[in-house]
Amino acid sequence: AATVFSILRSRKLGLKNNSAPLLEVESGSNDPMSYMLTAVMLSLFSGSISAGGMVWKIFSQIVFGAAGGLIIATCAVFIMNRISFRNNGFDLLLFISIALVSYALPDLVGGNGYLSAYIVGIVLGNTEFPERKPLVSFFDAITSLMQIVIFFLLGMLAIPASLLHSLLPALIIFVFLTMIARPMAVCSVLAPFRKYPFRQLELISFVGLRGAASIGFAITILTSGVELQNDIFSIVFCIVLVSIALQGSLIPSVAKATGMTDTGEDVMTTFSDFSENAEMSF
C-alpha cells in the first residue's frame, strides 16, 4: 500500500472514476488478508489444526478483527473529542497508544490485528477532531522512518547469491501473479458491478504491487520452524524487487495507455485531505 500511495502522490497521478480511493482501500486491505492466509497455511503445514479449526480461525480473524477495529475506533473518537491536553505532546502519545491497542486487543482474542488497526486508521483519518494537522505531520514522519528501518533490516537478511539463484522461479511467479491471478481476481470481484469499464479493470489489475509486507510474512514462515524445500524468503524478495521496479515505474504509462488519467482530479485529496476549511500545502 505504501508503494502505491507513494507513486500516485509523487507523480500527482489523478485517476478517473474514483480509482485512487479504490486502490487505496484495496492495497491497504490486502495485508490483513495475507497475514490471515499465512497463519492458516502455517497451521496446516504443522498439522496443528483441523478442518473445523481452520474455518473457526478464518471466521475469528475476520469477525473479531473487524469488530475490534470498529469498537476501538468508536471509543478513540469519543475520547479524542472529549479530552483536551494542555501539552500537545500528550495527544501524540494517546494516538500511539490507540495504534498499539488496535492491534493487540483483537490479536489477543484470535482476531486479525492488522485488519483492526487498518479499520481504526480509516475511521480516525476521516473524523474531525482537534490538533489534526500536527498528528498528520507526525505520522507521515513515523511512516517514512518505519519504511527506512524495515528495508534496512531486509537488506541485512538478504544474501545476493541466494537472490540470483531464486530469480528465475521468482520471475515465473511474478508473471503468473501479474498476468493471470491478479486480473482474474479483480475482474471476478468488480466486473459484476458493471460500473467499472474494462479499461479501469485493466489499470486496477496492473496496480497490484508486492511490497515489504510480503517479505515480512516470508520471514514469519522461516521463523515458524516449518520445513520448506525452497528458499521462500529469497523468492519473495526477488518478486517484490521486480514488482516495485517494473510495475511501479510503469504505472503512469499504463494509466495513460488505458485513458484513465484525469488532470482535473487531485490525487492528494485522497491521501492527504486535511485542509480543515483552510488552504494548506504539504
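Annotations
- In region 42-63, the residues that are of a type in the set (D, E, K, R) form Cβ pairs under 9 Å with partners that are open to solvent by less than 60 Å² (accessible area, probe 1.4 Å), at six or more places apart or across chains, as follows: 57/36; 57/39; 57/40; 57/43; 57/49; 57/110.
- Qualifying residue in region 93-100 (condition: within 18 Å of the chain's Cα centre (by Cα), of a type outside the set (Lys, Arg), part of a helix (DSSP H, G or I) and surrounded by 14 or more Cβ atoms within 10 Å (Cβ to Cβ)): yes
- Residues satisfying the stated conditions in region 26-67, i.e. assigned to a loop (DSSP other than H, G, I, E, B) and exposed (fewer than 13 other Cβ atoms within 10 Å of the Cβ): 47, 48, 50
- Residue satisfying all of: in region 6-20; assigned to a helix (DSSP H, G or I) and open to solvent by 50 Å² or more (accessible area, probe 1.4 Å); farthest from residue 103 (Cα to Cα) among these: 10
The rows are residues; the columns are (1) modelled with pLDDT under 80; (2) in a loop (DSSP other than H, G, I, E, B); (3) crowded, with 17+ Cβ neighbours inside 10 Å.
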{"residue": "243", "(1), (2), (3)": "no, no, yes"}
{"residue": "246", "(1), (2), (3)": "no, no, no"}
{"residue": "264", "(1), (2), (3)": "yes, yes, no"}
{"residue": "277", "(1), (2), (3)": "yes, yes, no"}
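- Unique match (being in contact with a Cys (Cβ under 9 Å, 6 or more places away or on another chain) and not basic (Lys, Arg)) among 122, 83, 98, 79: 98
- Filtered residues of region 163-196 (kept if open to solvent by less than 50 Å² (accessible area, probe 1.4 Å) and outside any helix (DSSP H, G or I)): 166, 196
- Checking each residue in region 75-92 for being in contact (Cβ under 8 Å) with a residue 24 or more places away in the chain and exposed (fewer than 13 other Cβ atoms within 10 Å of the Cβ) picks out 81, 84, 88.
- Output for region 112-154, where each listed residue is open to solvent by less than 50 Å² (accessible area, probe 1.4 Å), modelled with pLDDT of 80 or more and either more than 20 Å from residue 69 (Cβ to Cβ) or of a type in the set (Ser, Thr, Tyr) (or both): 116, 127, 154
- Only one of the listed residues (215, 235, 251, 221) is under 21 Å from the mean Cα position of the chain (by Cα) and modelled with pLDDT of 90 or more. That residue is 235.
- Whichever residue in region 197-228 is assigned to a loop (DSSP other than H, G, I, E, B) and among the β-branched types (Val, Ile, Thr) and, among such residues, is most open to solvent (accessible area, probe 1.4 Å): 226
- Verdict on residue 70 being open to solvent by less than 70 Å² (accessible area, probe 1.4 Å) and in contact (Cβ under 8 Å) with a residue 24 or more places away in the chain: no
- Note on region 180-198: residues that are charged (D, E, K, R) and modelled with pLDDT under 90 total 2.
- Cβ pairs under 6 Å, 6+ apart, first in region 195-209 and closer than 14 Å to residue 185 by Cα, second open to solvent by 40 Å² or more (accessible area, probe 1.4 Å) and in a helix (DSSP H, G or I): 201/187
The values are calculated or read from the model by the stated rules, or taken from the named source; none is laboratory data. Please read these numbers as outputs of a predicted model, since none were measured by experiment. A quick note on method: Cβ atoms are made from the backbone with ideal geometry, for glycine too, and the neighbour counts reach across all protein chains shown. The protein model used for the area step is the full one, side chains on, heavy atoms only, and it has no ligands, DNA or RNA in it. Shrake-Rupley method; radii C 1.70, N 1.55, O 1.52, S 1.80 Å.
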